[in-house]
Amino acid sequence: MRWVVLAVSLLAALLLASRQVVLAQQASEVVSVLRSGTLPISDPFDPVWDTAPAVDVPLGPQATTVPSLLRLSVPTVRVRSLNNGQEIAFLLEWVDETRDDLVVAGDRFRDAAAIQFPVGQKLPNICMGAAGQLVNIWHWKADWQRDIDQGFQELVHQYPNFFKDFYPGGITGSPPYTYPGDFDRAEVRQFEVGWSVGNPFSVPYRPSPIEDLKALGFGSLTHKDRQEVMGRGVWRDGRWRVVFARRLAPPDAESTDLRQEQVPVAFAVWEGSNQEVGARKQLSGFYTVRIEGQERILGIPRGMLGWLVGGLVLTVILGFALRAIRRRTTLRGHARG
Amino acid sequence: MPKVFNWQINREMEYPYPASPPERQFAAVFDINKCIACQTCTLACKQAWTSGRGQEHMFWNNVETKPYGSYPLAWDVRLLEMLGPQTWDGDTYTGKTIFEAAPPGEVAVGFLPEDLDWAHPGLGEDEVYGVVEGGAYFGIPHQLWFFYLQRICNHCTYPACLAACPRRAIYKRREDGIVLIDQTRCRGYRECVRACPYKKVFYNGVTRISEKCIACFPRVEQGLQPFCTVNCIGRIRINGWIHTPDKADPENPVDFLVHIRKVALPLYPQFGLQVNIYYIPPIHVPPKFLRQMFGPRVERAIETYRNAPNDPELRGVLMLMGATERWVDKFRVQGDYVYGYDAKGNELVRVPLKEPIYLRPVYDRQFAVYRHNIT
């Protein structure tokens, strides 16, 4: 009996200890450093990024829902953040020996990374949100990045000797045809169904490598009507560095308002070479991003306070100056009269 | 996991969603014995639906030679190997379906074909099973055999593609049971390509999402049979609305072939999808090979088919195949003719059970030539 009690208490202690480890992880935070001027959005290797503290966020394989990831391929992602009081940028960096940015072949999958924030509420129960618990997800895709850097990638980029002499639908021009140019007519596009219906994966013109999404639970991930997240990813020496950036103010009701001191945040990474896609991914628990300059003093963000006080002082000075000028003009008028 | 009843394996089975049968179910019967692999069906489909950029490797309809042909490469033998040896007890399948045998973290047993696996649609064409020995001569029954297998999406009752899509971007239409991929919601994860045991979902590398056979639904909605059916020069195909065995309608041509005469069988029923494309098995192939493909009823089906000359109704339905491009809801055999009707009872087509034969003299007096063909 004594042994049983001992074993049970030992087990309980172990459980508690493991729980504490989890709690300690959850207590970690990413600090978004406030700095003036433009943010290094288009260059993930800009030395300015070194001024932001780096947090190594551990990732675990997604195993809550099927399909799940059985083999972890990216154990950590390094996160940094900067903001200038108007915009915020995150830098995600992880080790990936293989650059997977071409998904034309049916057995190739992209490298990707995502940042998730809850919308409205403090902390969603589970990843991808739940009914009534909207989340906002920013999803960067290596192939979309390549589309932007090198032009839309299609058959000739996967199979350099590809040739086809005819396409139906009244295609004009002569082979070899160029995509999307020669195909951008409604009759010809009929066969590019994804493009015809405006699927963001299929439309061969990319405004950003990052897709702005919303979700209300597993399987509900949806492309938002408004797309305002910008950024850039660069692969160099066996690692990806990807910048995600947006205004702090939400562009719509489905986006997270980042004009807050603390916002819950989670990260996910996909390794294309391991055929990771969709639910087959590694992800973090919820972290907190502490956004410098958004601390509230009398309900006003600190970053705004400087501007507010400055503005106030300026207004007072201007007011005095105006009064002085007006008085002088009045005096002159009196003198003339 | 919910349980659903699959009559093709004669038992309940596990499926990620509860049963939700459509109002009616698209189905077809293909008579393997009449196919000559001319690929007119394949081209009719290709011309209609998959001529775009990114669809070059796609054949929503294909015809492959068995036992050596396969498109994509080894789609069937690879899955059979993954599933391992399984058992039937009479008409009841006692082995595991692809859902029941799913490994941890997956919806079904399956695999994603490699890129080049799609590059050999004509592999193994006309290759016979066995070796031609010295001194062999042609005789009946054939010493060596092969046969053609015509394949489109099975528009399954329990589709694996639908079950595997984590986004629920694949749906089964309530009005006709046709399985479609929502082209606005698909994100190209290829879970459907991985899960479909028949490998009838295709990834389009240009639109970066997946596509599949749509059963020519714009035609079906107008009371027309799909292009692959109506363009078949061998007249091996017929479409219809299929019922479950307990509600089989003996005047419905597909029900008649599948449930009444039981001459048409599902392809790999043991996978557990309750498919809706049925095959009349080839009568010249060893039953041992056919049992693995079409289940335990295959020998009875061949026996029934061989008896067709003495079975006017069976002959009638076989004659209706390819006789009209309209959708035949009912048929009736009267006298020497078979009649096909639409849902309102209007006569669509009338075909003689036995085609009249006209014999002409060998010598043509008018042109002073001898005829090679006198019938």
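Summary table below
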read-out: Inter-part distance where the stretch B:20-57 and the stretch A:276-298 are each reduced to a Cα centre, Å; value: 48
read-out: ³J(HN,Hα) computed for each position of the stretch B:258-270 - Karplus, 6.51 cos²θ - 1.76 cosθ + 1.60, integer Hz, glycine/proline x; value: 7, 9, 7, 7, 6, 9, 10, 10, x, 8, 6, x, 5
read-out: Span-rule helices in chain B, defined as complete DSSP H runs reaching 18 Å or more along the axis (Cα) with Kyte mean at least -0.5; value: none
read-out: Net +/- balance of residues flanking B:ARG235 in space, Cβ distance below 10 Å, scoring K and R +1, D and E -1; value: +1
read-out: Trypsin sites (Lys or Arg not before Pro) restricted to DSSP loop in the stretch B:277-375 with at most 16 other C-beta within 10 Å; value: B:LYS344, B:LYS354, B:ARG365, B:ARG371
read-out: Kyte-Doolittle mean at least 0.0, axial Cα span of 30 Å or more - DSSP H helices of chain A; value: A:2-27, A:302-336
read-out: Averaged over A:61-72, number of beta-carbon atoms from partner chains that fall within 10 Å; value: 3
read-out: For the protein assembly as shown, calculated [θ]222 nm from helices alone, where every DSSP H run of n ≥ 4 adds -39500 (n - 2.57); value: -6000 deg cm²/dmol
read-out: Qualifying chymotrypsin sites (Phe, Trp or Tyr not before Pro) in the stretch B:325-375, DSSP loop, other Cβ atoms within 10 Å at most 14; value: B:TYR358, B:PHE367
read-out: Span from the the stretch B:139-203 Cα centroid across to the the stretch B:294-318 one, whole angstrom; value: 27
read-out: Whole-number percent relative contact order across the stretch B:35-125, with pairs defined as alpha carbons under 8 Å at least 6 apart; value: 34
read-out: Low-density loop cleavage sites - GluC sites (Glu not before Pro) in the stretch B:87-140, where at most 16 other Cβ are within 10 Å (DSSP); value: B:GLU100, B:GLU114, B:GLU125, B:GLU127, B:GLU133
read-out: Dipole magnitude (debye, nearest 20) for chain A, charges at Cβ of Lys, Arg, Asp, Glu; value: 1960
read-out: Radius 9 Å from Cβ of B:CYS153, net charge of other residues (Lys, Arg +1; Asp, Glu -1); value: +3
read-out: In sequence order, calculated HN-Hα J values of the stretch A:91-99 (Karplus, 6.51, -1.76, 1.60; Hz; x Gly/Pro); value: 10, 9, 9, 8, 7, 8, 5, 10, 9
read-out: Within the stretch B:91-135: Cβ-based charge dipole about Cα centre, in debye rounded to nearest 20 (Lys, Arg +1; Asp, Glu -1); value: 260
read-out: Added length on full extension, which subtracts the Cα-Cα distance from 0.36 nm per residue, B:THR87 to B:HIS372; value: 97.3 nm
read-out: Test item: A:165-174 mean partner chain Cβ contacts at 10 Å; value: 1
read-out: Peptides ranked, highest mean first, by Cβ atoms within 10 Å: ranges A:169-175, B:65-71; value: B:65-71, A:169-175
read-out: Relative contact order (%) - chain A, alpha-carbon pairs under 8 angstrom, separation at least six; value: 24
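Coordinate-derived values only; no laboratory data. Just so we're clear, the structure is a prediction, and the values are computed from it rather than from any experiment. When we count neighbours, we look across all protein chains shown, and the Cβ atoms used for this are built from the backbone with ideal geometry, even at glycine.
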